[in-house]
1. Just want the ordering: 172, 66, 280, from fewest to most Cβ atoms lying within 10 Å of their own Cβ.
2. So, counting K/R as plus one and D/E as minus one, what does the shell of residues with Cβ under 10 Å around residue 70 add up to?
3. By how many nm would the segment from residue 164 to residue 215 lengthen if fully extended, with 0.36 nm per residue of separation less the alpha-carbon distance?
4. Considering only DSSP states other than H, G, I, E and B, which chymotrypsin sites (Phe, Trp or Tyr not before Pro) in region 388-464 qualify as loop sites with at most 14 other Cβ atoms within 10 Å?
5. Across region 499-513, in residue order, what do the Karplus-derived ³J(HN,Hα) couplings come to in whole Hz, using 6.51 cos²θ - 1.76 cosθ + 1.60 with θ = phi - 60° and x for Gly and Pro?
6. Once amide H atoms are placed 1.01 Å from N in the peptide plane, what residues at a sequence separation of 5 or more from residue 100, or on another chain, have their amide H within under 5 Å of its amide H?
7. Please grab the % of Cα pairs in region 228-278 that end up more than 15 Å from each other.
8. What spacing in nm lies between the two simple spin-label points modelled at residue 100 and residue 330, each 7 Å away from Cα in the Cβ direction?
Amino acid sequence: MDSQTSGDKHPGHIALEENMPREENAQGTVKQDASDEKSVRAEKYAYYSFFAANNGIGPYQYAYSLFQTLIYQAAFNPNILPWGSASCDEDPDAPCHVTWAGGTKSYDSVALIASALVFVGQSILFIFIGSTADYGPWAPWVLRISVLIYGGLSLGFFGLKTPDAWPAAMALYTLTNIGFYIVFTFGYALFPRIADDQPEARKAQVALQNQEINRSDYERKIEHVRSTIANHAWAANNVGFAVSACLCVAILKGINADSSAAKNNLGYALCTGMVGIIVLLFSVPWVFLEKRRPRLPVPEGRNVVSYGLQETWHSFKYCKRISQTFIYLFIYFWLNDGVSTLFTMLIISQTAVAQFSATQNSYFLIVQGVSVFFFTVFAVWAQKQWSIRTKTILHITNWSCFFLAVWGMIGLWTKKIGYHNLWEFWAVSVFYGPSVGLQMSYSQVFLGQVIPHGEENRYFALLGFIGRVGSWIGPLICSAIVDRTGSQNASYGFLAALIGASSLGLIFVDEEKSKVECAEYAATEHRADAERESPAQASEDSWEAKI
C-alpha cells in the first residue's frame, strides 16, 4: 500500500489494517484466497475449542466446592473446648470456625479470604505480564504456559479427599484460579484480531474502500462480526461447561457419591482433576492453528516486561485522550467487583443449601451451562435481527445481576426466599444465562468497542488487572459483614448497592465519542511506535515465524 492510499484512510483503522494479513489487487482492495480462508476458519474453530475447554468449571466451581466442603468438615463450634471437639453439624445455629492465624475464624469468612487471595494474585501478575502480549513474539507463549500450569495443577486435586487437606485445597484453588483468569483474559483479548480476519469483516473493508458503504455502516458491520466471534466463543465455553458437568454427573453416579461424605469428597476431587485433563487436551488445536500476527516492536535495548510496564503507565498518562475508555474501566472496576463477589456468594449459598452434595451441584451447573448457551445464542441473533447495541444488552445483564443481589438481601428478613431453599437455586440456575453468564461476556465485548485498535492485549490485560484489583475488595467487605452480622444474606445488600450504582454509571459511556478518540490516539501513537522500531525487529519476526 503506497503512502497516498494510506493517507486517505481514517486514522483509527491504520492499526486494524496492519493486523490483517492481506493481498491487494490493482485497485487496492483486499483479496483472500481459498487457502487463507481455510486457515482462518480452522483458527476460528480451534479458538472455540480452546474456549470450550477453558470453561472455568474446574477452578471456579468444583475446586471451590471441594475446598468449601473440606473446610466445613474440618470446622467446629469455637464455644466448646477443646477446639475441634464439636462439629458444626451438632448445632447448625452455633458459630462454625476453623483455626486461623493462631485463633479461629468463620469458615465462610476464610472461603471469602481465599477468593480475595485469588484476585490479589491475579492483579500482581497482570502488573508484570499485562502488556507483554502486545509486543514481540510473546503473546502465544503467555497463553500456552498459563494453560499448561493451571491445567497441570488441577491434577493435584485428585489427592485431596479428607478434611485435613483443606489448606492444600485452598492453595490449589487459589493457584488454578489465578492461572485460569490469565488464560481467560488473554484468550478473550484475541477475539478482535480473529474477527477482523473473518470474510465478513474483509468484505466490509473492501466495500468501505470502494465507497459502497459509509463509515457508520462499516463500524456497525465490524461491531457485529466482533460480537458474533466473542459470543460464539462464549457459547462454546458454556457447551464445554455443560458437557463437563454431565461427565462429572456420570462419575458421581458411578461412585455413588451421595452415599457418604467420603465418597462425596472423592467425587469432587475426581471431577476437578478430570476437568484439568480436558483443559490440557482440548487446548492443543489452538497451539498449532493460531495464526501469526504482527505485534508492536520492542525498542532496541529494552526488555519486554519493563517496556510493557512503561507502556501501561503511558496509557494511564494519556487517559484524557481516550477518556471514554477509562470511564468504562473505572465503572468496570466497581461493577466487576460486585458481580464477581455475587458469583462467589451464590456458590457459597448454593453449596450450603445443597448440603455440599457434588451430584446436586453438578445438576445446577448443567442447567447454568445450558442457560448461558441459550441466552448467548439468542443475544447474538437479537443483535443481528433488531440491530441492538452491545451496550443495551450489557445494561440488561447488569440489572439482572442487581435483581439477584436484591433477592439475596430479602433473605435477611424471611426464610421463605433469599437463597434459603433448594428451589431457589434451580431458578437461579435458569436465570444464570441472562444475568451473570451474559454479563461476563458482554462486559468484555463492550471493551472491544472502546479501545484503540492494535492494543487489544494491553487494554484487555488492563481490564483484567483493574477487575482483579477491585475484586478483592468485595470479598473482604463481605467477609467482614458476615463476621459482624453472622448472616451471609447481609452481604447481598452491599452487593446490590455496588452493582446498582455501577450500572447507572455505564449510562455515561459514549461509544461514538470513544471511536473518535481511539482513532486519533491509534493514528498518532502507532506512527510513533513505527518510527521507533529497531533493526532488531526483523530478527524478532524471523524467530516468531518459527513458532
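1. Values: 172 24, 66 28, 280 16.
Placing the least packed residue first, the sequence is 280, 172, 66.
2. Values: positive: 161; negative: 164.
Its environment carries a net charge of 0.
3. Working: separation 51, 0.36 × 51 = 18.36 nm, distance 6.23 nm.
Stretched out fully, the residue 164 to residue 215 stretch lengthens by 12.1 nm.
4. Values: sites: 399, 402, 403, 407, 413, 419, 423, 425, 426, 431, 432, 442, 446, 459, 460; in loops: 413, 419, 432.
In loop regions of region 388-464 (DSSP not H, G, I, E or B), the sparsely surrounded chymotrypsin sites (Phe, Trp or Tyr not before Pro) are 413.
5. 5, x, 5, 5, 5, 5, x, 4, 4, 8, 7, 9, 5, 5, 5
6. 105
7. Working: 658 of 1275 pairs.
Above the 15 Å cut-off, region 228-278 has 52 percent of its Cα pairs.
8. Label-label distance for residue 100 and residue 330, simple model: 3.4 nm.
All of the numbers you see were taken from the coordinates with simple rules; none came from a lab. Bear in mind that the values here come from a model prediction, so they are computed numbers and not experimental data. Glycine gets a Cβ as well: all are built from the backbone with ideal geometry, and neighbour counts include every protein chain shown.
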